[in-house]
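Structure first, then comments.
The values are calculated or read from the model by the stated rules, or taken from the named source; none is laboratory data. What you are looking at is a predicted structure, and each value in this text was computed from that prediction instead of being measured. Virtual Cβ from ideal backbone geometry, glycine too; neighbours counted across all protein chains shown.
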Amino acid sequence: MVINIRENTAARDDVVEDLDYTGAPVVVLSDQDHWSGFQPDQIDRLVKQAILPSDAKA
């Protein structure tokens, strides 16, 4: 899901005030798993989690 924080003030407040990010893009997967900026290593991690069984090690 993509949320435009320029149009959604509640989402912007969450990103800026709650998560303390000041740059975009911001990726939020859960309360504990989120990041800001282009981070290919995080995207690779997500791909591996989606492809590999939960007990597999990459």
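Tabulated values for the structure
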| item | result |
| --- | --- |
| In the range 1-28, residue modelled with the lowest pLDDT [restricted to those that are surrounded by 11 or more Cβ atoms within 10 Å (Cβ to Cβ) and assigned to a loop (DSSP other than H, G, I, E, B)] | Ala24 |
| Search result, residues across the range 30-56 that are among the aliphatic types (A, V, I, L, M), part of a loop (DSSP other than H, G, I, E, B) and surrounded by 11 or more Cβ atoms within 10 Å (Cβ to Cβ) | Leu52 |
